[in-house]
Each structure stands twice: as C-alpha cells, then as structure tokens.
Amino acid sequence: MNELQQYIKSYFGVAANDMDSISRLFKENTLKKGDFFLEKGKYCNQLSFVRSGYLRVYAETEYKEVTQWISTQGYFITDLSSLIFNTPSRFNVRALTDCNLYTIHKSDYLNIGNMVAKWDKLEKLFIAKCFVALENRVFNHLSMSAEERYHELFMENPTLFNKVPQQYLASMLGMTPETLSRIRKRATS
C-alpha cells in the first residue's frame, strides 16, 4: 500500500475495492524545484497528494507576496475554488524543492462518483476537513500571539523550519521575517 492509499484509508475509511478504484486514477509525477504546479490566472485541472517535497501557495499583492500555505508530505495540494468552481486561480503554487506527487486530473476526479457508491459522502468529508483546517488557521491568527503561532506550527511540522526559507514561513504565520527571527532565537536559547 503506497502513501496515498494509506492516507485515504486512515482519513476516510474507504473499503479496499473502492480504494483500488480511486488510487488507480492518481498518476505519479514529479516537479523540479522552481516549477509551477499552478500559476495565478490559470485554471486548476488537478489535485495532487504530496509524496515528498515542499510546495508554496502564495499570492502577489501590490506591495508583497503573501504565503497562504506550505504543502508538505502527506497533504493534498490544489486550488479548490478553481478546481470545483472552474474559476481562474488566485494563487501561484510553486515547488520549493523537488517534489514527488500522486496526481488526479479533474475529469477523473469528477468521474469518481460514477465508480464509488459512497463518493458523495467521502467528498463531503474531505471538503469539510479542509474547511475545519481553514477555520483553525483563521482562529489561530485571530486569537494567538505571533509567538504562539510559531510554536503551534513548530509542533505540527518542525521540518519546515529547516527546509523552507524564513521569509515564507514568516508570511504564512502573519509576521515579519525579523519577528520570526527574534522568536526563533528566544525559542532556541
């Protein structure tokens, strides 16, 4: 059983025959460091599970780039709004490192419901879990101090701090690189 199948089984409790049907639709592919998974203004036509590597989801404003998310091993990556509602992407998604992905094309994703009887419930669960994760991130940004947000992210994914440039982490955490540097220094002393 590969990483994608393990994730689907543990996260959704999918039956073995449905697992085979779903996982066969995902194809292995790679992105080299610096390659775009998706560019702003284009339509997202794929959903990928990150087998290895780091991808940065970001938007460019008039004054700065804002990192919305860093996707790592064991997470899905897409622009859900673009994928589901067929709208131009608001984000760039770019590989920070070489990446190995399991990718499903939009047409295959839309066809899963014809293959898996319980897909409507599974997809609803998947989207609900994405929404809950987003709610938690928004709440943390509103209720936690910069230092608390740093510690929360560090506890969830400490390898980010050795693999991702500090300015991207600072942006994702809603702070300046200088603030992140001071917090890291206090945390390690």
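The values are calculated or read from the model by the stated rules, or taken from the named source; none is laboratory data. For clarity, every value in this text was computed on a predicted model and none was experimentally measured. Don't worry about glycine lacking a Cβ; one is built from the backbone with ideal geometry, like all the others, and counts go over all protein chains shown. Surface accessibility is based on the protein's heavy atoms, side chains included, excluding ligands, DNA and RNA. Shrake-Rupley method; radii C 1.70, N 1.55, O 1.52, S 1.80 Å.
Could you estimate the translational diffusion coefficient of the chain from the Stokes-Einstein equation, with Rh from the Kirkwood formula over C-alpha pairs, at 25 °C and 0.890 mPa s, in whole µm²/s?
The calculation lands on 138 µm²/s.
What residues qualify as long-range amide H neighbours of residue 42, i.e. H under 5 Å apart, gap of 5 or more or another chain, H built at 1.01 Å from N?
89
Report ³J(HN,Hα) in whole Hz for each residue of the range 34-50, in order, from the Karplus equation J = 6.51 cos²θ - 1.76 cosθ + 1.60 where θ = phi - 60°; Gly and Pro get x.
Along the range 34-50, the couplings run x, 5, 8, 7, 7, 10, 3, x, 8, 8, 7, 10, 8, 10, 10, 9, 7 Hz.
Distance in nm between label sites at residue 151 and residue 30, each 7 Å beyond Cα in the beta-carbon direction?
4.1 nm
Report, in deg cm²/dmol and to the nearest 500, the calculated mean residue ellipticity at 222 nm for the chain, where each DSSP H run with n ≥ 4 adds -39500 (n - 2.57) and the sum is divided by the residue count.
-15000 deg cm²/dmol
Kindly report the accessible area of the range 78-130 per residue (heavy atoms of protein chains, probe 1.4 Å, no ligands, DNA or RNA), in Å².
54 Å²
Return the whole-Å distance between the Cα centroid of the range 1-80 and the Cα centroid of the range 95-140.
That distance is 9 Å.
Cross-link candidates for residue 42: which aspartates and glutamates have Cα within less than 14 Å, leaving aside residues fewer than 8 places away along the same chain?
79
Quick query: amide H of residue 96 versus all other amide H atoms, modeled in the peptide plane; which residues come in under 5 Å with a sequence gap of 5 or more or a different chain?
34, 54, 55, 56
Give, in nm to one decimal, the length gained when the segment between residue 61 and residue 100 is fully stretched (0.36 nm per residue of separation minus the Cα-Cα distance).
11.1 nm
Could you derive backbone 3J(HN,Hα) for the range 63-74 from the dihedral phi with the Karplus parameters 6.51, -1.76 and 1.60 (θ = phi - 60°), listing whole Hz in sequence and x where the residue is Gly or Pro?
Couplings: 10, 6, 8, 10, 7, 8, 6, 10, 8, 10, 3, x Hz.
Leaving ligands, DNA and RNA out of it, report the carbon-plus-sulfur percent of the accessible area of the chain at a 1.4 Å probe.
53 percent
Using θ = phi - 60° and the Karplus form 6.51 cos²θ - 1.76 cosθ + 1.60, what ³J(HN,Hα) does each residue of the range 91-97 get, whole Hz, x for Gly and Pro?
Couplings: 10, 9, 10, 10, 6, 7, 9 Hz.
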